[in-house]
Amino acid sequence: MAKFKFFYLLLFCFISFQGISGKMKVVFRYDDFILKTDKVNEQVVRTFQDNHIPLVLGVIPCDSNENFILEKPYLFLPVLKTGLKNNSIEIALHGLTHQQIVRGEFDGISMTEQNRRIQKGKSFLDSVFQTNIKTFIPPFNSYDKNTLQVLVNNRFTVISSALCFGQSTVNAELQYAPETIENFKELIPVLTRNRNRNGVVIVMFHDYTFKKNYSISELQTVLESVNKLDFVTCTTFNKLGEGSEQLDERRINANLESNLLSKKLKLNAVIQTTVFASTIRIVNLIAYLLLSVFFYFLTYLIFSKNKKIRTYRHAICLLMVIVPTGLFVWFHVLTPMVLLAFAVSLSVMVSLFSKFK
Ligand SMILES: [Zn+2]
């Protein structure tokens, strides 16, 4: 009994500790920024500065003819330079021309060409801002393994793309900071739900966000609300890795599966810690294994009554088909209801096949 008490005490301490240490980090990433007078761009930057919240600008350095974009005179430039100095702004490289070449501007093109584009864009922005840009945002959230090596060769430390399958995260010298939210309206609910966790939220938006479905005054309201949340720290990509868990391959992979449990517990839109995200995946796997086995027994009972499954061989075949298919299909493609329909129709097909054989 004493042992159990000790266990509960430990568990209580663990949960309390998790609660106290809960610290959400938020990065705002404003893509497709160009160094030309633009009323919306200037209003966005000023709104963030008024609220003392840092903003990352994904700057496109060149037009489609590879001419550098820098209006003369660009009257807003001193504001950006001051912001860079006092850390209210981070400048990130957002491609060179932001054109579709193969798949986006970088994925699928030669390493030499990728290197040329990244070097040209970086050296221009470095000289305009007298800085050393360390964050790369691939246009269209699209890049390949070669991009990562080129980034390391050019002393980048962070890549911010999107949380999606098939994107390489193999280079251990880079931090991976994929965007997790594209709609401001989701931000406060997501942060509030995750108030006791140590996660990272990356909000990505464009100037057309404000031309289409959102206004600057709504942005102001959201930023004011963020500032009221004492468990939230707003930061930049450069500072994200400081003093907290790394955004490495393990962490991104652990967070990649948007599984049933993540949806039920509403954990999406946050890069959770590696341990937490891995635990959720394992528990989800067990739940699905149990669910698949349950469907199997259900199907077996129905068809064995009709004497359509006569031998153990049939039963084992059915098991071998349903359980792994159920798990695989759930993890990568389908929603639970579609999976259920799929498992049932597959069982029917297998048992009919067995009967005719
Ligand atoms: Zn873009």
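The values are calculated or read from the model by the stated rules, or taken from the named source; none is laboratory data. Because the structure is a prediction, the values reported are computed rather than measured. Counting neighbours? That spans all protein chains shown, and the Cβs are built from the backbone with ideal geometry, glycine included.
Side notes on the structure shown:
- Which numbered condition Phe210 misses (of (1) under 23 Å from Arg103 (Cα atoms); (2) at pLDDT below 95; (3) within 16 Å of the ligand (Cβ to nearest atom)): (1)
- Qualifying position, being closer than 22 Å to Leu240 by Cβ, in contact (Cβ under 8 Å) with a residue 24 or more places away in the chain and of a type in the set (D, E, K, R), among Glu173, Glu105, Glu179: Glu179
Here is a yes/no grid of residues against (1) within 16 Å of the ligand (Cβ to nearest atom); (2) touching a helix residue (DSSP H, G or I) at 6+ places or on another chain (Cβ under 7 Å); (3) farther than 27 Å from Lys23 by Cα; (4) of a type in the set (A, V, I, L, M, F, W, C):
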residue	(1), (2), (3), (4)
Leu148	no, no, yes, yes
Thr180	no, no, no, no
Glu186	no, no, no, no
Gly199	no, no, no, no
Ile202	yes, no, no, yes
Thr221	no, no, no, no
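- Hits in the stretch 221-268 (condition: closer than 28 Å to Thr47 by Cα, modelled with pLDDT of 90 or more and of a type outside the set (S, T, N, Q)): Val222, Leu223, Glu224, Val226, Lys228, Leu229, Asp230, Phe231, Val232, Cys234, Phe237, Lys239
- Only one entry of Gly95, Gly83 meets the criterion of being assigned by TED's automatic domain parsing to the domain that holds Tyr143, modelled with pLDDT of 95 or more and either away from the ligand (no atom under 16 Å from the Cβ) or part of a helix (DSSP H, G or I) (or both), and that entry is Gly83.
- Checking Glu218, Glu224, Glu242 one by one, the residue that is over 12 Å from Ala177 (Cβ atoms), touching a Phe, Trp or Tyr at 6+ places or on another chain (Cβ under 9 Å) and surrounded by fewer than 20 Cβ atoms within 10 Å (Cβ to Cβ) is Glu218 and no other.
- Any hit, the stretch 122-129, residues being under 28 Å from Val226 (Cβ atoms) and either away from the ligand (no atom under 16 Å from the Cβ) or touching a residue at least 60 places away in the same chain (Cβ under 8 Å) (or both): yes
- When each of Val200, Val190 is tested for being more than 27 Å from Tyr143 (Cα to Cα) and either at pLDDT 95 or above or assigned by TED's automatic domain parsing to the domain that holds Asn146 (or both), the lone residue that passes is Val190.
- Output for the stretch 161-209, where each listed residue is part of a strand (DSSP E or B) and either more than 10 Å from the chain's Cα centre (by Cα) or of a type in the set (S, T, N, Q) (or both): Gln175, Met204, Phe205
- Criterion: under 22 Å from Ile60 (Cβ atoms) and out of contact with any Gly (no Cβ under 6 Å at 6 or more places or on another chain) - qualifying residue of Gln220, Gln246, Gln167, Gln149: Gln167
- Total residues in the stretch 31-80, condition touching a helix residue (DSSP H, G or I) at 6+ places or on another chain (Cβ under 9 Å), part of a helix (DSSP H, G or I) and either away from the ligand (no atom under 16 Å from the Cβ) or at pLDDT below 95 (or both): 12
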